[in-house]
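Undergrad: Can you keep this structure in mind? I'll have questions shortly.
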Amino acid sequence: MFKNSKHYPILVVALLWVVALLNYMDRQMLSTMQSSICTDIVELQEAEAFGALMAIFLWIYGFMSPVAGLIADRLSRKWLVVASLFVWSAVTFLMGYAENFNQLYWLRAIMGVSEALYIPSALSLIADWHEGKSRSLAIGVHTTGLYIGQAIGGFGATAATFFSWQGTFQGFGMVGIVYSLILILLLHENPKHDIRSATASKNGTTGFAAGDILKSLALVFSNFAFWVILIYFAVPSLPGWATKNWLPTLFAESLNIPMSEAGPISTITIAASSFVGVLFGGYLSDRWVQRNIRGRIYTGAIGLGLTIPALCLLGMGHDLFSVVSAVLLFGIGFGMFDANNMPILCQFIAAKYRATAYGIMNMVGVFFGAAVTQVLGRWTDAGNLGSGFVLLGGAVAVALILQLACLKPQTDNKE
């Protein structure tokens with residue numbers, strides 16, 4: 001059996017890497033196909049309407065994230081990943097048949113439900129298969145799949161030019177449906193998770209009863225370090241989601257180029273730099289924590305520090321060199337930060353509550369992202385998108401200071 005091989009943890013990351021790619025590709029395509037879709041769906045000609053379409057995904061995704069975490073701590077994460085991928089791929093396929101704004105709106109809402117199930121399950125599964133010296137790097141490698149998916153999604157406008165926006169959605173949706181069937185055969189749950197779930201079920205201490213769920217939430221929220229991690233994770237989500245949803249628009253406006261060019265340039269630039277940052281951040285963190293228990297925290301802090309000047313330059317730059325340089329710096333920094341969120345959480349939250357804790361973090365981060373997406377939509381209509389990116393740099397600085405002052409772990413893997 002594959003799962004009994006010493007190399008199976010590597011295969012887990014490889015299998016989930018493809019799912020991560022599809023996760024961000026399917027959601028990102030819409031942001032670059034606005035100009036193509038609005039010829040058929042006229043409501044999307046207004047930036048605020050387009051922002052609302054992007055935001056409904058984030059609001060639903062956010063509300064579902066803690067629910068997804070609670071489920072992942074209790075059920076098979078393999079089947080949650082498979083079901084999540086199948087549903088959001090089917091939704092992507094159906095978006096190719098949408099004829100009006102309301103249909104797209106509700107399909108994006110359903111996508112929010114299905115995609116929310118993925119991240120808490122996948123990261124918790126990877127954290128169980130990879131402990132100690134390989135955890136940050138494994139999660140970092142998985143995260144590169146998100147970045148590559150974001151980059152491929154940036155070609156949405158280009159693909160729509162050749163195949164139509166409807167055909168683009170239909171084609172990529174079908175790819176995900178087929179891959180979900182492959183996962184049924186190759187992806188397996190970590191035996192430790194099965195043992196924890198079986199023991200908890202036998203003892204009657206962990207289940208879906210209201211009392212058990214409230215107990216899990218109480219244990220997470222009573223941990224002071226979790227509140228610090230929550231803020232540290234959520235605040236950088238503002239520029240994180242802003243770049244995902246509005247970077248192509250910022251490139252088009254700042255450089256005065258069409259979206260068919262701005263989409264690929266912006267998403268490839270940030271994906272490539274984030275790819276470097278997440279691998280370097282994962283490698284550095286895994287080595288640093290062997291010598292200093294705060295190594296993961298310091299690595300994440302360095303990454304966040306790099307994003308602050310990048311956001312300022314991104315907002316004020318109006319030539320190709322300054323804007324691309326800002327995105328490269330932001331991508332490297334955010335990648336270093338991204339690779340260490342779950343590993344830092346593992347230092348303070350026990351394994352059986354990690355998916356729940358990460359689901360809560362994801363919810364708050366996504367809510368911040370939904371809010372900033374809508375605000376930047378209004379600012380775009382007013383011609384102030386660049387100023388918004390500059391202000392986000394100040395918010396990140398506050399989160400960075402709080403993280404360094406308060407997070408002092410005693411172990412790298414809390415049991």
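The values are calculated or read from the model by the stated rules, or taken from the named source; none is laboratory data. If you're wondering where the values come from, they're calculated on a predicted model, not measured in any experiment. Backbone-built Cβ (ideal geometry, glycine too); neighbour counts: all protein chains shown. Keep in mind that these areas ignore ligands, DNA and RNA; they rest on the heavy atoms of the full protein, side chains included. Shrake-Rupley method; radii C 1.70, N 1.55, O 1.52, S 1.80 Å.
Undergrad: So what is the orientation-averaged projected area of the stretch 284-376, using the convex hull of its C-alpha atoms, in nm²?
TA: Over every viewing direction, the Cα hull of the stretch 284-376 projects on average to 7.1 nm².
Undergrad: Computed from the mean reciprocal separation of all distinct C-alpha pairs, what Kirkwood hydrodynamic radius does the stretch 81-160 have, in Å?
TA: It works out to 14.5 Å.
Undergrad: Counting only the heavy atoms of the protein chains, how much of residue 99 is accessible to a 1.4 Å probe, in Å² to the nearest 10?
TA: 140
Undergrad: What figure, in Å² to the nearest 10, do you get for the accessible area of residue 133 with a 1.4 Å probe and non-protein molecules left out?
TA: Accessible surface of residue 133 is approximately 140 Å².
Undergrad: Suppose accessible area is computed on protein heavy atoms with a 1.4 Å probe; arrange 275, 348 from highest to lowest.
TA: Listed by decreasing accessible area, they come as 275, 348.
Undergrad: May I pose another question? Given the Cα atoms of the stretch 226-353, and with Rh set as the inverse mean 1/r over their pairs in the Kirkwood sense, what is Rg to Rh to two decimals?
TA: Result: Rg/Rh = 1.04.
Undergrad: Okay, moving on. Any idea what angle helix 210-221 forms with the longest principal axis of the chain, computed on alpha-carbon atoms, 0 to 90 degrees, nearest 10?
TA: It works out to around 80 degrees.
Undergrad: Over the chain, give the accessible area per residue in Å² for a 1.4 Å probe, as an integer.
TA: Ligands and nucleic acids excluded, the figure is 37 Å² per residue.
Undergrad: Any chance you could list the semi-axes, whole Å, largest first, of the equivalent ellipsoid that the Cα gyration tensor gives for the stretch 59-194, using √(5λ)?
TA: Taking √(5λ) for each Cα gyration eigenvalue gives 29, 17, 14 Å.
Undergrad: From the alpha carbon gyration tensor of the stretch 21-90, can you work out the equivalent ellipsoid semi-axes (sqrt of 5 times each eigenvalue) and give them in Å, largest to smallest?
TA: 30, 14, 8
Undergrad: Using only the alpha-carbon atoms of the stretch 5-133 as identical scatterers, what base-10 log of I(q)/I(0) does the Debye formula give at q = 0.10, 0.21 Å⁻¹?
TA: The Cα Debye sum returns log10 ratios of -0.37, -1.16.
Undergrad: Follow-up question, since we're still on this one. Could you look at the chain and say what percent of its accessible area is carbon and sulfur, using a 1.4 Å probe and all protein chains?
TA: Within the chain, the accessible surface is 69 percent carbon and sulfur.
Undergrad: If you fit an axis through the alpha-carbon atoms of helix 295-316 and take the longest principal axis of the Cα set of the chain, what angle between them do you get, 0 to 90°, nearest 10?
TA: 10
Undergrad: Go through 5-12, 29-36, 81-88 and give me the packing order, highest mean Cβ count within 10 Å leading.
TA: Packing order, densest peptide first, comes out as 29-36, 81-88, 5-12.
Undergrad: Quick one: what Rg and Dmax do you get for the chain from the alpha carbons, in Å?
TA: So, for the chain, Rg and Dmax equal 20.3, 63 Å respectively.
Undergrad: Sorted by mean Cβ packing within 10 Å, highest first, what order do the peptides 143-150, 354-361 take?
TA: Packing order, densest peptide first, comes out as 354-361, 143-150.
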